[in-house]
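Following: one structure in structure tokens, then a few remarks.
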Amino acid sequence: MSIIRAGDSLLESVREVLPDIPVGKILIQRDESTALPKLYYSKFPPRIKEFTNVLICDPMLATGGSVICAIGELLKVGVEEERITFINVVCCLEGLKAVLEKHPAVRIVSCEVDAGIDENSYICPGLGDYGDRFFNTVPEN
């Protein structure tokens, strides 16, 4: 399952390894004034609750809000927490702690744990907006 849009970058790699897997999508956008997630859309494969493993793809784990929301939606359709693995590129301790306090059975796989989050709830040093970097949509100054 990809958290649209930045998660699509990781999904491409997962599908190269597992080309026949069914794919779900979820659109969760962060409210920039509150840093809280807002769910806009979700579409899951039929019988997802029967899958042995469900991967959530999103490259960054800062506050944990988006992935906690995504996990909540999976739980609503019957996916067991123990079957969920969240894969990301960069995370921070605050996000790891938030996700594991709420969903201790979810596995998290990350490449890097950065120092923390700043006053705007962005990972420091982080990578900036991963989706903008990957899709080459970085706003001009």
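Here ASN53 fulfils each of the conditions (1) of a type outside the set (Asp, Glu); (2) under 16 Å from the mean Cα position of the chain (by Cα); (3) surrounded by 14 or more Cβ atoms within 10 Å (Cβ to Cβ); (4) under 23 Å from SER9 (Cβ atoms) apart from (3). The set of residues in the range 26-36 that are closer than 12 Å to SER121 by Cα and either in contact with a helix residue (DSSP H, G or I) (Cβ under 8 Å, 6 or more places away or on another chain) or not hydroxyl-bearing (Ser, Thr, Tyr) (or both) comprises ARG30, ASP31, GLU32, ALA35, LEU36.
Quick grid of which residues meet (1) among the charged types (D, E, K, R); (2) in contact with a helix residue (DSSP H, G or I) (Cβ under 9 Å, 6 or more places away or on another chain); (3) over 30 Å from GLU80 (Cα atoms); (4) exposed (fewer than 15 other Cβ atoms within 10 Å of the Cβ):
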{"site": "LEU100", "(1), (2), (3), (4)": "no, no, no, yes"}
{"site": "CYS111", "(1), (2), (3), (4)": "no, no, no, yes"}
{"site": "GLY126", "(1), (2), (3), (4)": "no, no, yes, no"}
{"site": "TYR130", "(1), (2), (3), (4)": "no, yes, no, no"}
{"site": "GLU140", "(1), (2), (3), (4)": "yes, no, yes, yes"}
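If the condition is being without any contact (Cβ under 8 Å) to a residue 40 or more places away in the chain, under 16 Å from ASP129 (Cβ atoms) and in a helix (DSSP H, G or I), then the range 66-94 contributes no residue at all. Only a single criterion out of (1) in a helix (DSSP H, G or I); (2) surrounded by 15 or more Cβ atoms within 10 Å (Cβ to Cβ) is not satisfied by SER13, namely (2). Of the residues making up the range 112-141, those that are without any contact (Cβ under 8 Å) to a residue 60 or more places away in the chain, among the hydrophobic types (A, V, I, L, M, F, W, C) and farther than 11 Å from LEU61 by Cα are ALA115, CYS124, VAL138.
Taking the condition of being exposed (fewer than 13 other Cβ atoms within 10 Å of the Cβ) and touching a Pro at 6+ places or on another chain (Cβ under 9 Å), how many residues in the range 23-36 meet it? Looking only at that region, the number is 1.
Within the range 53-85, being modelled with pLDDT under 95 and among the β-branched types (Val, Ile, Thr) holds for one residue alone: THR63.
The values are calculated or read from the model by the stated rules, or taken from the named source; none is laboratory data. A quick note: this is a predicted structure, and the numbers were derived from the prediction, not measured. So basically every Cβ, Gly included, is an ideal-geometry build from the backbone, and we count neighbours across all protein chains shown.
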